[in-house]
Amino acid sequence: MSNIEQLVSFAASELTKSRRAKLRRLLSPRHLAFVGGRNLVEPLRQAKAFGFAGPIWAVNPKLDSIEGIPCFRTVNELPEAPDATFLAVPREPSIEVVRDLASMDAGGVIGYAAGFAELGAEGAELQRRLIEAAGDLALVGPNCYGLLNAVEGVALWASGHGLARVERGAAIVAQSGNLALNVTMNLRSVPFAHVISMGNQACLGLADFIAVLAEDPRVTAIALYLEGITDVAAFADAAIAALERAVPIVALKAGASELGSQLAVTHTSSLAGDDALYDALFERLAIARARSVPELLETVKFLSVARPLSSNRLAVFTCSGGDSLMVADAAGPLGIALPQPTPAQEAALQALLPDFATVANPLDYNTSLWGNRKELVRCFSTMFADPYDAALLVLDYPHEGIAGRSECDISVDALIEATHAAGIPAAVGSTLPELIPAEARARMIDAGVVPLQGLPEALTAISASMRYGARREEIRRVGLEQLRLPRPQPLACPPILFDEVRSKSLLADCGLSVPMSRTVAPSLALEAALEIGFPVVLKVLAPFIAHKTETGAVVLGVASAEQIETSLIRMEARLAAAGAGAIETVLVEKMITDAVAELIVGVVRDEGLGLALVIGAGGVLAELVNDAQRLLLPTSREAIGGAISRLTSAKLLHGYRGCPPGDVEAAIGAIAAVAAFAESHRDRLVELDVNPLLVRPQGRGAVAVDALVRISYP
């Protein structure tokens, strides 16, 4: 890094520190200022109604008061620099007000006005001027709804909201103002301490909010609604800080991504998948991913009310065979284990239940114990004689006025008593979201039991907590520093596609094993084959051929002089039919005949996420099978081994149907060599494809028999 680059980096770092210090003032302010006109009536009403304990000031050059609050003419007349300002004036005047606030050393400001970068070139220029005016001010937005702090009664918000005051709870940071508003109205009893609408992220980005929120001991978890990440390196650093403080993050990533939209010539690029790269990012950083708003809310609720789970063993109680079957069907794919009762437990439970009851996990205790708290406690406690990590009671309350509500309360009370005695977290999950009434949810939360609304969402939330706990423990063992991601750099010049021979040569220099081969004219193919030894593979080398199988430019298992001749004739005919010229060069390569599995190993370059390693089932069916795992680089041998084990095709590596087990360690080493090559060419590599990597029997290694590299060379 040059001296100038170092100075620029240092200045950016100092600006970030200063903005985050002011963001702390904005999120936990001593005083509030509101700048605008009649449009401040509702924001001021909400600010007063939320119970903020400090002074609230209004600023307007023409009005004497707004909503009963006297007006100052300008922000410069305020008693002191405000910690938090809600700015609701048109876009051009808002720039000058921001400039004044920055010169006063104010804390932060909510930029409510729209019409900036979201509107094209003219708006982008206004946003540039706004950023310049803001300096180190903690500017949220512009084009945002505002923020709410339910712990301290801070409402810097454009309209009414449904948030209730809490002592501690989750935070949600959203790129959608409407979604941020909607979640305040949720009827799921999610305890939200902060709601933040980010808007255009002109000065403050996602990483700033995560980093500062994770420092607050009153924040139990952080929910994200995002459509993209502008600075993945900073995001990763902030997520690592949250991991250090054991503050779980749950993300709902929406929108069609532009990642990987460049023209791709490798199978790897097809397998990488825009959305799958975000999966890889979230997995790396122990971020739970939600696929819907209900999943997001239920997961963050579980993580806020109960602690993250240490393992995946769940005890489930129902009073319906149907509920038991639904849980059993859904648990496995989510990675939830349902350990069955031991013989001693089974005998004890059978003594408590009628003869027709089936003792299992999930346990259908049926209606024989309905309303009998003492017997329910005995039943639940008997199940906990062997260790479980959590308990779930599946229960739907009837509507008010219909018999059965008190019996539901008794079941919940029994669960609370039994799980408290066992020292494990508990949840009550309803099959229908609306069938846990508000008063029951409040009572459960007070007792530390999580009311989960909707059975699929309930199990997803529990699974996410289990994965977070396991992943965080895994990360703590290997260290947090390896999770950091470098900031992607632009390519210096257009990329070049190397042919197979040069691609393999580059990778062999990094430790990848490749077959013995010769590059010759077609007339010398037989001589080369005799030197290498039959059987061989014949391949046409030409810069316009990326995928040889599709164009007939490869023949496998050539075992004689006659087959050399007929293969060359057949290849030339197919290429001629495709409009190609005569074959000038062929690659004669030793045929690997003892492979037990074929893998594809590749690297793709993404503008935002940098380099991603793709590992999957290889060969000609790679894209059709689409059995792949993705890891962002840099990575480790442990992570590579884990990715291989998660492949469906990993069964082939362990002696599938009488075949010998594969050399897994050699495969890991080969993939690590590919990753090392990518890291050493990080600023130049565009994409790389090794397909297939043949995994031979244990002790015999792994060999790359085809490769392509596209790289930027000066």
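The values are calculated or read from the model by the stated rules, or taken from the named source; none is laboratory data. Everything quoted here is computed from the prediction, not taken from an experiment. Backbone-built Cβ (ideal geometry, glycine too); neighbour counts: all protein chains shown. Note: accessible area is taken over every heavy atom of the protein model, side chains too, but ligands, DNA and RNA are not part of it. Shrake-Rupley method; radii C 1.70, N 1.55, O 1.52, S 1.80 Å.
A few comments on the model shown:
- Residue satisfying condition, being at pLDDT 90 or above and open to solvent by 60 Å² or more (accessible area, probe 1.4 Å), within set Ala360, Ala347, Ala337: Ala347
- The residue list Val377, Val412 contains one member that is touching a residue at least 12 places away in the same chain (Cβ under 8 Å) and either in contact with a Lys or Arg (Cβ under 6 Å, 6 or more places away or on another chain) or surrounded by fewer than 21 Cβ atoms within 10 Å (Cβ to Cβ) (or both), which is Val377.
- Just one of (1) touching a Gly at 6+ places or on another chain (Cβ under 8 Å); (2) under 16 Å from Ile600 (Cα atoms); (3) of a type in the set (Lys, Arg) fails for Arg682. It is (2).
- The strands (runs of 3 or more DSSP E) falling completely within the range 26-111 that include 1 or more residues that are open to solvent by less than 10 Å² (accessible area, probe 1.4 Å) map to 32-36, 56-59, 84-88, 108-111.
- Being surrounded by fewer than 20 Cβ atoms within 10 Å (Cβ to Cβ) and in contact (Cβ under 8 Å) with a residue 40 or more places away in the chain is a property that Ser645 lacks.
- Exactly one residue out of Thr230, Thr220 is open to solvent by less than 20 Å² (accessible area, probe 1.4 Å) and not hydrophobic (A, V, I, L, M, F, W, C): that is Thr220.
- Sole residue being of a type outside the set (A, V, I, L, M) and modelled with pLDDT under 95, chosen from Ser65, Ser9: Ser9
- Residues of the range 393-409 satisfying the condition of being open to solvent by less than 20 Å² (accessible area, probe 1.4 Å) and either at pLDDT 95 or above or under 19 Å from Ile445 (Cα atoms) (or both): Leu393, Val394, Leu395, Tyr397, Cys408
- Of the residues making up the range 344-391, those that are of a type outside the set (Ser, Thr, Tyr) and in a loop (DSSP other than H, G, I, E, B) number 18.
- Evaluated against (1) closer than 22 Å to Glu283 by Cα; (2) touching a residue at least 40 places away in the same chain (Cβ under 8 Å); (3) open to solvent by 30 Å² or more (accessible area, probe 1.4 Å), Arg637 falls short on exactly one condition, (2).
- Among residues that are touching a helix residue (DSSP H, G or I) at 6+ places or on another chain (Cβ under 9 Å), of a type in the set (S, T, N, Q) and farther than 27 Å from Ala280 by Cα, Ser463 is not included.
- Exactly one residue out of Ala617, Ala628, Ala622 is touching a helix residue (DSSP H, G or I) at 6+ places or on another chain (Cβ under 8 Å), at pLDDT below 95 and either farther than 13 Å from Asp689 by Cβ or polar (S, T, N, Q) (or both): that is Ala617.
Per-residue answers, yes or no, for (1) among the small types (Gly, Ala, Ser); (2) open to solvent by less than 20 Å² (accessible area, probe 1.4 Å):
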residue: Thr382; (1), (2): no, no
residue: Ala385; (1), (2): yes, no
residue: Ala391; (1), (2): yes, yes
residue: Ser430; (1), (2): yes, yes
residue: Pro433; (1), (2): no, no
